[in-house]
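Everything on this sheet refers to the single structure shown next.
What follows draws every value from the coordinates through simple rules; no lab data is involved. Every value quoted in this text rests on a predicted model; they were computed, and no experiment measured them. Because the Cβ atoms are built from the backbone with ideal geometry, glycine has one as well, and the counts that use them run over all protein chains shown.
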Amino acid sequence: LEVIASVEPRIAEATRQELADQRASLKLIASENYASPAVLMTMGTWFSDKYAEGTVGHRFYAGCQNVDTVESLAAEHARELFGAPYAYVQPHSGIDANLVAFWSILANKVESPYLEKLQAKNVNELTEADWETLRHDFGNQRLLGMSLDAGGHLTHGFRPNISGKMFHQQQYGTDPETGLLDYDAVAAKAREFRPLVLVAGYSAYPRRVNFAKMREIADEVGAVLMVDMAHFAGLVAGKVFTGEENPVPYAHFTTTTTHKSLRGPRGGMVLAQEEFAADVDRGCPMVLGGPLSHVMAAKAVAFAEARTPDFQAYAQRIADNAKSLAEGFLTRGANLVTGGTDNHLVLLDVSSFGLTGRQAESALLDAGVVTNRNSVPADPNGAWYTSGVRLGTPALTTRGFGHDEFDTVAELIVDVLSNTEAGTTKAGGPSKASYVLGDGVADRVTKRSAEM
Ligand code: PLP
């Protein structure tokens, strides 16, 4: 920090403050974690200065021999860790990984003169008519993914996201009674819609998914199955999700981030069946620019950490702790979407406290509990205000929290929410944003959490 402070003291100060804040609060954002010092330090090296567009041994820049070592090792560790035939570790983020996968699916599955010529390396021979056909064929494909309010991600076909614009899209939800994924309903939708891509995976669904069933559905309609395991990659790596709950053997493509439950650096990755390897390798330059070599190095370090027995024990604790948190809420009368959890997250429906997700999120933050508001299925408050709060256990599990601590976390959250009232607008009407926190609650909760 001293080195940084000698150049820009305000950045050094913000960095110091971030550490202090992360230490003083309860980090319950389901997509966050604490990476190890080894991972963090690997990100701060001179690999950051190196350009290396291309793939291992096939770069558009000279002097990439050390980046080749890094990228090969990261990919090798990833293949071993997840039992995947092929791994592409260049994507800078989860959204990039999904874009690479979409591009690869289109390139592999859509018949087009462009592709034949690309494969024969004769792109220059393409006529205007070829390009027009390509635009038409690529722009005319269908994608079926889980809707945002059921727990899917923006990149799974949400209209305002590019995935909802580059494909004709439809979305599947969850059963209105149970909140659970209804495989028969997904199959019926797939039969009717005939997507090229069936996307499974989630950001806010508190249950495990049977990927064998999803693959059956994809096969029946001739779709490519793409599973986005960004949230639960740590549970797959840690062998908590095995058999039909492990997407890698079933999916044609498995995409992920590396920084959530997997506890690595910020970044993304694509795992694929061998038949797609050549298409995915074109991620750069089709979708990506120069890879972040320092981050690929940190991915290799994180994957090496994730193959240890310690990480497996950590992953199991993530799931056990989520159960403890859920029980803590249920015994205190709170409502959970699907009535519980069997992964790393809990989706708390805060409407029974008379609050929106936005009000709950802000009140909790005042008390040092960091969460994010989240839609619940068929949310009457929409995606901005929402009716839920999403809570994940990966970060606090890294801090060593166990059953008792998570029971206390539930107690503190219920304390804050039952002592918060919805506020009013300036005109005196009901507000979805303002709130009034009861006297002393923030101090009481902050003090208890500082002791944990
Ligand atoms: N996919 C899923 C399921 C996610 O939950 C997220 C992020 O929260 C992403 C993709 C996007 O990851 P990133 O923020 O790294 O682009």
key: Charge context of Leu181, other residues only, Cβ under 11 angstrom, K/R +1, D/E -1   = 0
ask   = What residues qualify as long-range amide H neighbours of Tyr435, i.e. H under 5 Å apart, gap of 5 or more or another chain, H built at 1.01 Å from N?
value = Gly423
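Calculate how large, on average over all directions, the projected area of the Cα convex hull of the stretch 179-281 is; give the answer in nm² to one decimal.
On the way: hull surface 27.4 nm².
Mean shadow area of the hull around the Cα atoms is 6.8 nm².
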Label-reachable residues, the stretch 1-28, where backbone N falls under 20 Å from a point 7 Å from Ala450's Cα toward its Cβ = 16-28
note = Highest mean packing first, using Cβ neighbours within 10 angstrom, the peptides 430-438, 80-88, 273-281 sort as 80-88, 273-281, 430-438
query = Going by alpha carbons, how many degrees (0 to 90, nearest 10) lie between the helix axis of 183-193 and the longest principal axis of the chain?
reply = 40 degrees
query = aspartates and glutamates within cross-link reach of Lys299: Cα-Cα under 13 Å, excluding same-chain residues under 8 positions apart?
reply = Glu71, Glu76
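Just the number, please: Stokes-Einstein D of the chain in µm²/s, Kirkwood Rh from C-alpha pairs, 25 °C, 0.890 mPa s. Could the numbers behind the result be given before it?
Details: Rh = 23.2 Å.
This corresponds to a translational diffusion coefficient of 106 µm²/s.
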message = Please arrange Trp131, Trp46, Trp103 by how many other C-beta atoms lie within 10 Å of their C-beta, fewest to most.
response = Trp46, Trp131, Trp103
note = Taking 0.36 nm per residue of separation between Ile162 and Ala278 and subtracting their Cα-Cα distance, the length gained on full extension comes to 39.4 nm
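Give me the orientation-averaged projected area of the Cα convex hull of the stretch 391-435, in nm², one decimal. Spell out each step's value before the answer.
Values: hull surface 16.1 nm².
In nm², the orientation-averaged hull projection of the stretch 391-435 is 4.0.
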inquiry  = I need the phi-derived Karplus couplings for the stretch 347-359: 6.51 cos²θ - 1.76 cosθ + 1.60, θ = phi - 60°, integer Hz, Gly and Pro marked x.
reply    = 10, 8, 8, 8, 5, 5, 8, x, 10, 8, x, 4, 5
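According to the Kirkwood expression over distinct Cα-Cα pairs, how big is the hydrodynamic radius of the stretch 331-452, in Å? Mind showing how you got there, number by number?
Working: mean 1/r = 0.0678 Å⁻¹.
14.7 Å is the Kirkwood radius here.
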message = Taking the number of other C-beta atoms within 10 Å as the exposure measure, put Arg208, Arg10 in order starting with the fewest.
response = Arg10, Arg208
message = As an exercise, identify the trypsin sites (Lys or Arg not before Pro) in the stretch 318-385 lying in DSSP coil whose Cβ has no more than 16 other Cβ atoms within 10 Å.
response = Arg332
task = Hey, can you grab everything whose amide H is under 5 Å from the amide H of Tyr86? Only 5+ residues off in sequence or another chain; H modelled, so Pro and N-termini drop out.
result = Ala272
ask   = Roughly how many whole Å is it from the C-alpha centroid of the stretch 86-159 to that of the stretch 1-15?
value = 42 Å
ask   = Can you work out ³J(HN,Hα) from phi for every residue in the stretch 130-142, in order, using Karplus 6.51 cos²θ - 1.76 cosθ + 1.60 and θ = phi - 60°, giving whole Hz and x for Gly and Pro?
value = 4, 4, 5, 4, 4, 4, 5, 5, 5, x, 10, 9, 10
task = List the residues of the stretch 273-300 whose backbone N lies under 20 Å from a point placed 7 Å from the Cα of Thr15 along the Cα-to-Cβ direction.
result = 292-299
ask   = Under a point spin-label approximation (7 Å from Cα along Cα-to-Cβ), what is the Asp366-Leu180 distance to one decimal in nm?
value = 3.9 nm
inquiry  = Through the Karplus equation 6.51 cos²θ - 1.76 cosθ + 1.60, θ set to phi - 60°, convert the phi angles of the stretch 267-284 into ³J(HN,Hα) values in whole Hz; use x for Gly and Pro.
reply    = x, x, 7, 10, 9, 8, 6, 3, 4, 9, 4, 5, 6, 5, 4, 8, x, 9
task = In whole angstrom, note down how far apart the Cα centers of the stretch 320-374 and the stretch 172-219 are.
result = 25 Å
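With 10 angstrom as the radius, rank Asp96, Asp366 by how many other C-beta atoms surround their C-beta, starting from the fewest.
Working: Asp96 21, Asp366 15.
By the 10 Å Cβ count, ascending, the order reads Asp366, Asp96.
Taking only DSSP H segments of four or more residues, each worth -39500 (n - 2.57), what value at 222 nm results for the chain once the sum is divided by all its residues, to the nearest 500 deg cm²/dmol?
Working: 20 runs with 201 residues, N = 452.
Value at 222 nm, helices only, nearest 500: -13000 deg cm²/dmol.
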note = At q = 0.15, 0.23 Å⁻¹, the log10 of I(q)/I(0) for the stretch 288-382 from a Debye sum over equal Cα scatterers comes to -0.79, -1.12
Under-5 Å amide H pairs with Phe241, H placed in peptide plane, nonlocal only = Val236
